[in-house]
1. Choose one answer from L233, L57, L69: the residue with the largest mean-square fluctuation in a GNM of the chain with alpha-carbon springs under 10 Å.
2. Sequence gap at least 6, Cα distance under 8 Å: using those rules, report the relative contact order of the chain to the nearest whole percent.
3. Identify, among V72, I110, C82, the residue whose Cα sits farthest towards the positive end of the charge dipole of segment 2-269, taking +1 on the Cβ of Lys and Arg and -1 on the Cβ of Asp and Glu, with the dipole about the Cα centre.
4. Using a Förster distance of 30 angstrom, determine the FRET efficiency expected from the C-beta separation of Y194 and W59, and round it to 0.05.
5. Rank the residues K273, K41, K30 as a footprinting-exposure proxy: fewest other Cβ atoms within 10 Å of their Cβ go first.
6. How do D18, D167, D111, D127 line up, fewest other C-beta atoms within 10 Å first?
7. Could you list V202, V90 in order of exposure, starting from the residue whose Cβ has the fewest other Cβ atoms within 10 Å?
8. Pairs to check: K159/K226; K2/K249; K2/K191; K121/K191; K54/K192; K41/K191. Give those whose C-alpha atoms are more than 19 Å from each other in this structure.
Amino acid sequence: MKVIIGAGKVANIIKNNDDVILRHSQIEIKDEKSVDEALSKFPAGTVIVNAAAKINLEWCEENKEESRLVNVEGAVNVAKTCKKYGHHLVHVSSGCIFDGMETERVYTEIDEPTPAAWYAKTKADADVAITSLGYDKITIVRPRQLISAIPNPTNMLTKFVNLQNGDFIDSKNSVTCIEDMKLMIDHLITKKQYGIYNLANVGWLSPYQIANKVKTRISNKLVVNKISYEDYLKGIKVKRVNTLLSINKLISTGFMPRNAMAALEWCLENYGK
């Protein structure tokens, strides 16, 4: 059984039938007492997945203090409480703490973060703060460019489906199918793998490739325009990054994710079902 903090797309997809979801009305991670009260009810050794975070880049940029309170201080409150009660913490971080800057560099778990936005900085800072607590039973997972067969406003596929005309870059990025991420997390829990793990599907996909697949499979009225990364950055307020994640550490534990294109095809085939 897992206890999952948060009620967003990731929490609901990685949930097994016997798992417990703690919604915001049941736990306020900014308040250490609230966290203690909620997590003290579970027996020692319970797996606690912290999937609660402020994730909208523009919102985080405009609300830096509040996003830091949730993404950093809240994450630390959960980690400290897990340490107090001997729980196994699985903390959902993000691969976007690395900015590939069109270099196609592949990042490992031990590389120094290079956050390009406030959201990414809060996630990077949380990773450092959590690992500095001196507690061994912590697993930090870093997914990247989340896709899923389940429609959601923050699902990359849903964003593309809702467009009529879009500009897309043809830059390589790692992709994480959330349904596969569930299997990855359950695997790491079962194998008692602690530390930091990049979670992504095998290979790379660009937003331009994904948009063309969405057009072909779901939304044939979508107009897909290819633009350069430089022109793309000129049209947005907060920088988006190119990030390639090495998943060799995950594979070394005995889990082989499916290919990114195969995962995308599966999501589109089952989208909304």
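Laboratory data are not the source of any read-out in this text; all were calculated from the coordinates shown. Values in this document were obtained by computation on a predicted structure and should not be read as measured data. A quick note on method: Cβ atoms are made from the backbone with ideal geometry, for glycine too, and the neighbour counts reach across all protein chains shown.
1. Highest fluctuation of the listed residues: L233.
2. On the way: 537 pairs, mean separation 55.1, N = 273.
So the answer I get is 20 percent.
3. The one lying farthest along the dipole's positive direction is C82.
4. 0.40
5. Details: K273 6, K41 10, K30 14.
Least to most surrounded, the residues fall as K273, K41, K30.
6. Placing the least packed residue first, the sequence is D18, D111, D167, D127.
7. Ascending Cβ contact count within 10 Å gives the list V202, V90.
8. Checking Cα-Cα distances, K2/K249; K121/K191; K54/K192; K41/K191 exceed 19 Å.
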